[in-house]
Amino acid sequence: MSRLDDADSDQPGWVSEANREWFGGRLWTGVAAIAVLLILAAAVIIAKIGHGGSSQTSAAPAASSASTTPAGPGRSAVSAGSPVPLDQQPLTSAPSPIQWQLVDQVALPYSATAGPDRVSGGVASGFAHGATGALLALLQTWPRSGWINPGDQRAEITAMSTGAGVAAELASAPVTQLAIRPQIVGFRYLSYGPDRAVIDMAVRFTNADDGSTLIRSFEASEVWQGGDWRYESLPLDQLPEAPILSDLSGYVAFSGV
């Protein structure tokens, strides 16, 4: 607002007589009106400031909720669905911890969490429904059904195996101890699903007569059936070949002796 003084006026004060009436009223009425306007203006300014602050405050959570959650260990910033649990993926390293026990001179693996939970009459059962459970079930079933304690093998094959080859397995079960001893020395997963695991075993054979050794590859499957893993027994003409290995390249080393 500009100052309303009159340099030629002899009236006291800072305004001339001609300007004593504002808005059709006396000086104090005008002053009062101006004061009211100033108060209203101040209220409007305060209201705008308060409204602006309120808007900024309320906008902050919206911006935060719209932001992408930062990525952290084991979590992606953009989620494409729940990650597959580690034990539901093919194993690429040796499971741990494992206890190895000699059964008829063959080392077999045991896990407190993956099984077997029970061993009765040579039958191992109670394996965890996961990749580790499938591996341990195979490494327990395969030696027990073909190489360990011949007197128990028919019961072991019946309880631990399934498939079209079971009858042939039962017919060919040895009645005496074999001179060639097997020992698992490595594995590699070929595929894994909740109902079927396909595993390539590296098995070292030692001839008990002369001590000579060789390592062969055996592809075998375990299927989830009746609440446990069972060896998938195939007819003899469908069994994969068992090539001789020169080393364990491509395999996960896994052995108890």
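Key figures for this structure:
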read-out: Relative packing of peptides 116-123, 143-150, 128-135, 174-181 - highest average C-beta neighbours within 10 Å first; value: 128-135, 143-150, 116-123, 174-181
read-out: Residues with amide H under 5 Å from that of Gly163, placed H, sequence gap 5 or more; value: Ser233
read-out: Phi-based couplings in Hz for the stretch 157-163 (Karplus 6.51, -1.76, 1.60; Gly and Pro marked x); value: 4, 4, 7, 10, 10, 8, x
read-out: Nonlocal amide H pairs with Glu219, under 5 Å, H built at 1.01 Å; value: Met201
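None of the figures in this text is laboratory data; all of them are computed from the coordinates on show. All figures in this text were calculated on a predicted structure; none of them were measured in a lab. Neighbour counts run over all protein chains shown; Cβ positions are idealised from the backbone, glycine included.
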